[in-house]
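Engineer: Provided herewith is a single structure, encoded as structure tokens, for subsequent inquiry.
The values are calculated or read from the model by the stated rules, or taken from the named source; none is laboratory data. These numbers come from a predicted model, not from an experiment. So basically every Cβ, Gly included, is an ideal-geometry build from the backbone, and we count neighbours across all protein chains shown.
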Amino acid sequence: MTLVPRHSLALLVALGASPVVVALPSQPAAARQLTLAQALEAAQRASPDVRSAREALDAAAARVRQAGAYANPTFIYGREQTSASGQSNSQNTAAIEQRLELGGVRAARIDAARLRRDAAEDRLAAAEAHLAYETTRAYALAAASDRRAQLAEQAAAAFGQATGISERRLAAGDVSGYAHRRIRLEAARYATVRAEALLARRSARLTLAALVSPTPDSMSLDLELSDSLPLAVAALARTMGAIPNDSAVKPLLDSLARVALRLRPDLHAADREAAAAHADARMAVRERIPVPALLLGFKNENVASSPGQATGFIAGLSVPLPLWDHRAGAIAAGDAESRRRVAEVDALQRRVVREVAEAYDAYRALALQLETLGPQLGPEARAAMHAAQIAYAEGEITLVEWLDAVRAYQEVESSFASLRAEALIRRAALERAVGAPIFSLTIPRGGASAPAKD
């Protein structure tokens, strides 16, 4: 059996000796620190969707003011002049006509506008919640891609150095051609892995930069993600004081569903829009009552046969006659629209309950998986890798076995980074499904898991 010299192995120790933290392998001095909280705040300021929802809320609030406005009065002026046999008569009239909305039409219009304003406020909250999920997801994927790129760069650099040393040792006859070819093959493999990891990291950072940058032309990839990825080692029910066994899942899901039905902003918005549609239907019914118009004014008349001027006032009342339009079509349309909105609320309630169950099941499954795999990964994996290096240096394992150990370490650490990112994403999905933050567990750098402080 041919052994690689010990000083060659020293170059490969970096494959398993790096600590498991989420950080860039090397950052320029100008790189900006970015925590998840800062990313969420920046995304809220930069998002055009949130800005659009805020403008929609302002527009809805303005419509409430407009709905409460009274109809403008109408000023009417008229002059009549007649003449015969050299005599002339004339009269001037000036009047104000005011429409009088009766039967609660104005009140129903104001109710509908207020409900739509409240719905627009809920839509804004829903847009902010969706943006928070998307930003959290982008941050987690970027952090995981940083870790995978770090692992790939470490492996590629170590095998690149080992290849150079192996070439010199091959020329001196200290290693076999087989061992040299295997190291070159692995070096080529990890060079490819490194290129793919760097491309994936750039793509993930572009996605995150697009969310947190204030303008499209100000996107920067020089961001140092300073937050660690969370390691959820306990399921939701444990945080709530109960063990999440199978018998406890059903009541827990029922509780989460009730919370979601009470807090979800999109459900609130749909419910208020249904109430607004009902107010529109009520207004359509009340519009069947004719809207009278009151006329008050002043009249001045000059009569040739009598000296002076005759003055007086004008009073009148005009009422539309509901002969041709009985508002039957508008009433039927309003009732149908109200029923449609109610059906949409019912469908959304069912979807909310399903989303909560799916999000909880997905998070719980991953949390249990991480709870099982966590003790075997991280420090344990590094210790196993170090033991494999010592065993190979002492000639206790073959080159193939050592390379397999290196490959297994790289793959398991990369998978572990992906799992931890997925845990953060699924936690955010669960909180979005419920409509409120549920719990927060993070793993500090170099420490055990602990509740995150507000």
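Engineer: Given the criteria more than 30 Å from E431 (Cα to Cα), at pLDDT below 80 and part of a helix (DSSP H, G or I), does A162 qualify?
Structural biologist: It is true that A162 is more than 30 Å from E431 (Cα to Cα), at pLDDT below 80 and part of a helix (DSSP H, G or I).
Engineer: In region 34-49, what residues are under 13 Å from the mean Cα position of the chain (by Cα) and of a type in the set (S, T, N, Q)?
Structural biologist: Residues satisfying the conditions are Q44, S47.
Engineer: Moving on. If A433 satisfies all but one of (1) assigned to a helix (DSSP H, G or I); (2) at pLDDT below 80; (3) under 23 Å from A359 (Cα atoms), what's the number of the condition it fails?
Structural biologist: Just one mismatch for A433, condition (2).
Engineer: With respect to A347, is the statement that it is more than 30 Å from L267 (Cβ to Cβ) and either crowded, with 18+ Cβ neighbours inside 10 Å or out of contact with any helix residue (DSSP H, G or I) (no Cβ under 7 Å at 6 or more places or on another chain) (or both) true?
Structural biologist: no
Engineer: To continue, here is another question. Looking at region 273-324 only, could you name the residues that are within 18 Å of R99 (Cβ to Cβ) and in a strand (DSSP E or B)?
Structural biologist: A293, L294, L295, L296, G297, I314, A315, G316, L317, S318
Engineer: Can you pull out the residues in region 138-191 that are more than 17 Å from R407 (Cβ to Cβ), among the small types (G, A, S) and over 36 Å from the mean Cα position of the chain (by Cα)?
Structural biologist: G164, S166, A171, A172, G173, S176, G177, listed by residue number.
Engineer: Another one. Would you say R148 is on the phi < 0 side of the Ramachandran plot, outside any loop (DSSP other than H, G, I, E, B), touching a residue at least 60 places away in the same chain (Cβ under 8 Å) and among the basic types (K, R)?
Structural biologist: Yes.
Engineer: On to the next question. Is it the case that some residue within region 232-247 is under 18 Å from D361 (Cα atoms), in contact with an Asp or Glu (Cβ under 7 Å, 6 or more places away or on another chain), at pLDDT below 90 and in a loop (DSSP other than H, G, I, E, B)?
Structural biologist: yes
Engineer: Residues of region 174-208 being over 12 Å from A156 (Cα atoms), at pLDDT below 85 and in a helix (DSSP H, G or I), which ones?
Structural biologist: Within region 174-208, G177, Y178, A179, H180, R181, R182 meet the criteria.
Engineer: Determine if region 101-113 includes at least one residue that is modelled with pLDDT of 85 or more, under 30 Å from G312 (Cα atoms), hydrophobic (A, V, I, L, M, F, W, C) and surrounded by fewer than 19 Cβ atoms within 10 Å (Cβ to Cβ).
Structural biologist: No, every residue in region 101-113 fails to be modelled with pLDDT of 85 or more, under 30 Å from G312 (Cα atoms), hydrophobic (A, V, I, L, M, F, W, C) and surrounded by fewer than 19 Cβ atoms within 10 Å (Cβ to Cβ).
Engineer: Let me ask another. Just to verify a result, which residue in region 351-377, among those that are buried (at least 18 other Cβ atoms within 10 Å of the Cβ) and at pLDDT below 80, is farthest from the chain's Cα centre (by Cα)?
Structural biologist: L377
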